[in-house]
Amino acid sequence: MVGKSGVEAPEELEIASAVSTDRNAPIGIFDSGLGGLSVWREIAAMMPAEHVQYIADSAFVPYGVRPPEEIRARSIAVAGFLVERGVKLVVVACNTASAHAIDELRTAYPGMTFVGLEPAVKPAVGMTMTGRVGVLATPRTVTGDRLRVLIDHWSDGVQVHTIAGNGMVELVEAGVLGGDDVNAVIGPILDPLLEDHVDVLVLGCTHYPFLHDAIADYVGPAVRVIDSGNAIARRTLSLLQNGRLLHDRGQAGSITLFTTGDADEATRVSTLLTSRELTATHVDV
Ligand code: DGL
């Protein structure tokens, strides 16, 4: 289904016909790894009856250091896996994939609704008192055009300091969420932002909310730490409501977890991240 360029979907018609209009069909979520579970937990809290099929492209994590063409090819491949499973909507729970692949995803799977993420620059600009905001994201998001356009559009005279969170995704993927190992990675990343007197810090990667407590401890109470998870859940809710696609029964939603990497490791870390007993299944995509 994925052409050499990574953006074609030769079986387009067949795939498009698989787009589900059944309100009880699952929501699809993907990320480079397990970070997108920070978005899932917001969706699960807001829409507890929904069933979710989540795929972590763990064999290719991190996306944030890969060339844009590879991010596009992988995004189209894992989204195709979800589309074929009959999902009614796909949440791209990855800022990096949203920045580099959302247009190609919509072209590859016409008829499917994709919800993309972007760093919460707009709310941060509204909150700052010092006129200085920090945005922490993956190297590829920080250097991408989309973030630049977003900042140009919303900064309104506020100084927006972007910085790459090198090494932070790897910590979350290993299930290391606090302690000296985390401080050794986040300290050198956060110090320049503190020196710059930012008072709002945007977590522009879905892995980073799992390091929220360590980050908040490090920057102290004068810096508010925000992310886009809740806004994306609200957007998903509104799209499902407008499309009459909200699940219509009970409170017993579920999550089915797939990984292109090691299933035992994904089971261990996802259980740790979510405090739920999850079991991952390996798939080749
Ligand atoms: N969690 C992803 C994001 O929001 C990607 C992290 C990565 O794989 O580099 O950007």
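The values are calculated or read from the model by the stated rules, or taken from the named source; none is laboratory data. Remember, predicted model here, so these are calculated numbers, not experimental data. Positions of Cβ are backbone-derived with ideal geometry, glycine not excepted, and every protein chain shown enters the neighbour counts.
Candidates are the residues of segment 186-215 that are within 20 Å of the chain's Cα centre (by Cα) and among the small types (Gly, Ala, Ser); the one that is nearest to residue 61 (Cα to Cα) is 204.
Scan segment 50-70 and tell me whether some residue there is of a type in the set (S, T, N, Q), under 30 Å from residue 165 (Cα atoms), in contact (Cβ under 8 Å) with a residue 24 or more places away in the chain and surrounded by fewer than 24 Cβ atoms within 10 Å (Cβ to Cβ). Checked segment 50-70: at least one residue is of a type in the set (S, T, N, Q), under 30 Å from residue 165 (Cα atoms), in contact (Cβ under 8 Å) with a residue 24 or more places away in the chain and surrounded by fewer than 24 Cβ atoms within 10 Å (Cβ to Cβ).
Does segment 151-158 contain at least one residue that is assigned to a loop (DSSP other than H, G, I, E, B), exposed (fewer than 14 other Cβ atoms within 10 Å of the Cβ), among the aliphatic types (A, V, I, L, M) and modelled with pLDDT of 95 or more? Checking segment 151-158: not a single residue is assigned to a loop (DSSP other than H, G, I, E, B), exposed (fewer than 14 other Cβ atoms within 10 Å of the Cβ), among the aliphatic types (A, V, I, L, M) and modelled with pLDDT of 95 or more. What's the total number of residues in segment 187-236 that are β-branched (Val, Ile, Thr) and out of contact with any Leu (no Cβ under 9 Å at 6 or more places or on another chain)? The total comes to 2. Just to be sure before I move on: is residue 203 within 16 Å of the ligand (Cβ to nearest atom) and either touching a Pro at 6+ places or on another chain (Cβ under 6 Å) or at pLDDT 95 or above (or both) in the structure I sent? Answer is yes for this residue. Screening segment 30-56 for residues that are more than 7 Å from the ligand (Cβ to nearest atom), in contact with a strand residue (DSSP E or B) (Cβ under 7 Å, 6 or more places away or on another chain) and in a loop (DSSP other than H, G, I, E, B) and picking the one that is farthest from residue 279 (Cα to Cα) gives 50.
Test of understanding: among 213, 248, which residue is more than 16 Å from the ligand (Cβ to nearest atom) and at pLDDT 95 or above? Please lay out each step first, then the result.
Numbers: 248 fails: at pLDDT 95 or above.
Matching residue, one of 213, 248: 213.
Scanning segment 238-263 for residues that are within 22 Å of residue 38 (Cβ to Cβ) and of a type outside the set (A, V, I, L, M, F, W, C) yields a count of 10.
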